[in-house]
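Written out below as structure tokens is the structure these notes cover.
Every read-out reported here was derived from the displayed coordinates using simple, explicitly stated rules and does not represent laboratory data. What you are looking at is a predicted structure, and each value in this text was computed from that prediction instead of being measured. Please note: Cβ atoms are built from the backbone with ideal geometry, for glycine as well, and neighbour counts cover all protein chains shown.
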Amino acid sequence: MQLFFVVQPVNLFWLTYSVTLILGVFFLAFSGFRQKYPLGSWVAITASVMVLFVIGLKFFVYTPAEWASIFMGTHHDIRYIKYVPGGILLVALGIPLLKRFLGFRASVFDGFVLFLPMLGVFQRVGCFMNGCCYGTHTELPWAVKYGWPSSLFYEQYNQGVLPFGQMHSLGVHPTQLYTIILSLGIIGILWCTRKWFKAPGSRTLFALILMGSMRFFLEFFREPRPGTWSNMHWLSLSLLQWVIIFLAILFAFVLWRRERLGLKIETAAQAPQDQPLRSIGVMLLFIFLVWQVREIFDGIELMIIYPVLFTSLVVLAAKVFHEITTPVSRMVLASMMVVVFISMGQTMVEAGQDSLASPNRGWFSLGTEGGIGAYESVTRDCNGNITGRYKNDFNVWGVSAAYHYMPRPDMHLQAGLKHFYLNRYRTTDQLYPYDIDYMHFLPYLRYDGGKFGAGVGLNFEFERMAAEPSEANSFRPSLYLRAGRRDNFFFEFDLGHPRSNAGEMGYLQTGIGLGITGMNHGVARIGFASGRSSPGLYLGADLLLGNRLNLNPTFTMSKYPTFSMGLQWHIGQNRWNPVNPEERSQK
């Protein structure tokens with residue numbers, strides 16, 4: 001009797017994985033807020049837990065020699081495997097050292113402990129739908145079969161265990177569902193025993209023992225991956241099971257010892273200290289660590305890790321600034337910044353002898369744009385499975401010309417042409433190295449109104465010195481949409497147009513913006529950027545200086561950074577703030 005139908009794989013892993021990481025950050029932050037822990041130290045601990053956990057997922061995937069080569073930047077055999085026990089172990093070993101350095105004596109995870117097994121529930125839902133982390137073959141009634149195409153189907157087909165024409169795999173243990181059920185049981189146990197423990201941290205140790213026991217049990221049913229500790233056996237147990245036994249005994253002894261001295265520990269525990277300067281040092285250290293081993297991360301992991309680290313660094317810097325300055329000095333600095341922003345957007349009054357002081361409302365502009373950076377490319381087999389990830393360096397530069405017409409301050413029409421080169425000059429793909437130049441032409445039309453903006457264009461792409469130019473040439477549409485006032489708060493979508501200075505990471509940029517000064521004088525942007533296979537975050541600005549020069553700096557952070565700058569010089573009649581005929585006649 002078959003209880004479960006054949007599962008057609010749906011790739012929801014990255015969605016559930018990213019949701020799991022984001023919820024973990026929010027739950028940990030909320031736990032510290034509820035316990036009223038010092039802001040500086042707790043921000044550093046929260047960010048550190050995130051980094052240690054994600055690095056720990058890959059901790060057992062590489063040998064010590066491979067880790068050394070990864071730190072040196074010479075390792076190219078990147079394996080995108082995640083090993084949850086490694087993440088838990090690295091956090092368990094790293095956080096006590098961090099707490100000691102920061103002088104933080106309170107328990108970190110006791111208020112967060114219920115969410116640890118909940119992480120397993122979220123993640124295994126994605127694994128079950130994706131068809132990964134499955135179990136060994138079984139004929140039990142609740143066995144799960146995965147349909148074509150799935151990694152399990154192709155693995156069994158290549159082993160010759162599937163007859164020709166069969167469209168689904170043999171039955172396997174649904175270890176993902178086992179994990180979900182056992183994790184919910186652990187949540188229930190932790191809730192019922194929440195008042196048993198006296199010493200801080202004991203509840204966390206008990207949770208780790210329960211979760212380790214769950215993984216020990218599941219190892220008997222999980223299909224071991226080649227090259228992992230689950231695939232190495234001694235005395236009928238896997239190497240991972242022996243590690244779990246050792247850690248469970250160690251944690252049980254520490255738990256017993258802490259509970260025996262629980263009242264003394266609780267009485268002697270000092271209040272957490274706030275060490276913002278030390279916390280800043282910790283954040284800088286982890287930023288450097290992530291940068292050194294960035295090759296092992298997936299794009300979605302860096303999209304979460306980098307904002308957490310840099311946001312924590314900004315919060316800590318603001319806290320230190322608040323502590324070392326007086327209210328008067330902070331008020332003076334804030335006033336100076338306001339004056340700078342206002343002066344950046346002021347319109348320069350044209351002199352009477354200036355030939356530009358004419359009643360026309362149209363003018364021309366000339367510009368230049370350029371950028372440098374790197375992006376990640378992904379290769380796949382015929383079944384859509386990822387076979388490799390490679391770093392590709394590039395630089396881009398070009399020129400532009402446009403005609404502007406502004407009948408009113410809230411109505412800006414623009415027609416232009418961009419001509420630029422994209423040069424990809426180095427790749428880590430040793431099988432297919434290349435040095436390719438692309439030449440682009442982008443004619444476009446754009447309208448910016450009071451509450452709405454739109455633009456269209458057509459991106460023509462030609463590969464220079466291609467063996468078969470007819471196959472190398474292509475064209476893609478360019479689309480720009482804006483909703484909201486440009487001098488206030490707005491949402492922006494830009495497809496294809498930013499590629500002239502952001503390169504591969506300029507295929508798509510979408511996010512929110514905030515007006516700094518007037519309608520056309522300055523905005524700041526933050527949002528999501530994407531190349532062909534490299535999602536990331538971008539920060540940008542559009543600044544008008546002196547009614548003549550537009551600056552468009554952009555910084556994009558994916559697995560690798562991209563820096564770009566656009567300059568646009570307005571010539572002829574430049575009426576960014578046109579007046580009506582009555583006002584002009586009065587002047």
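With respect to the cross-link table entries Lys195/Lys319; Lys58/Lys319; Lys58/Lys99, which display a Cα-Cα separation exceeding 29 Å?
Over 29 Å apart, Cα to Cα: Lys195/Lys319; Lys58/Lys319.
Any idea what Rg and Dmax come out to for the stretch 13-318 if you just take the C-alpha atoms, in Å?
Reported Rg and Dmax, both Å: 20.7, 70.
So between Ser236 and Gln159, what do we pick up on full extension, going 0.36 nm a residue minus the alpha carbon distance?
Using 0.36 nm per residue and subtracting the Cα-Cα distance, I get 25.3 nm.
Considering all alpha-carbon pairs of the stretch 48-116, what whole percent are spaced by more than 16 angstrom?
Looking at the stretch 48-116, the distances longer than 16 Å represent 57 percent of pairs.
How much length is gained if the chain between Trp196 and Leu549 is pulled fully straight, taking 0.36 nm per residue apart and subtracting their Cα-Cα distance, in nm to one decimal?
120.3 nm
Dipole of the stretch 97-155 (Lys/Arg Cβ +1, Asp/Glu Cβ -1, origin at the Cα centre): which of Cys132, Ser107, Gly120 lies farthest to the positive side?
Ser107
Loop-only trypsin sites (Lys or Arg not before Pro) in the stretch 142-212, please: DSSP not H, G, I, E or B, and at most 16 other Cβ atoms within 10 Å.
In loop regions of the stretch 142-212 (DSSP not H, G, I, E or B), the sparsely surrounded trypsin sites (Lys or Arg not before Pro) are Arg194, Lys195, Lys198.
Apply the Karplus parameterisation 6.51 cos²θ - 1.76 cosθ + 1.60, with θ equal to phi minus 60°, to every residue of the stretch 489-497 and state each ³J(HN,Hα) to the nearest whole Hz, in sequence, with x for glycine and proline.
Here the 3J(HN,Hα) series is 10, 8, 10, 9, 10, 9, 10, x, 5 Hz.
What is the set of long-range amide H partners of Gly147 at a cut-off below 5 Å, with H atoms built 1.01 Å from backbone N?
Val7, Gln8, Ser169
Across the stretch 1-91, what fraction of all alpha-carbon pairs, as a whole percent, falls in each successive 5 Å bin from zero upward?
Here the calculated profile for the stretch 1-91 is 3, 11, 15, 17, 14, 13, 11, 8, 5, 2, 1, 0.
Quick one: if the Förster radius is 35 Å, what FRET efficiency do Phe30 and Phe71 give, using the C-beta to C-beta distance and rounding to 0.05?
With a Förster radius of 35 Å, E is 0.55.
Quick check: pseudo-label points 7 Å beyond the Cα along Cα→Cβ at Asp437 and Leu567, how many nm apart are they?
2.2
For Phe59 and Val6, FRET efficiency with R0 = 35 Å and r from the beta-carbon atoms, rounded to 0.05?
After rounding, the FRET efficiency stands at 0.50.
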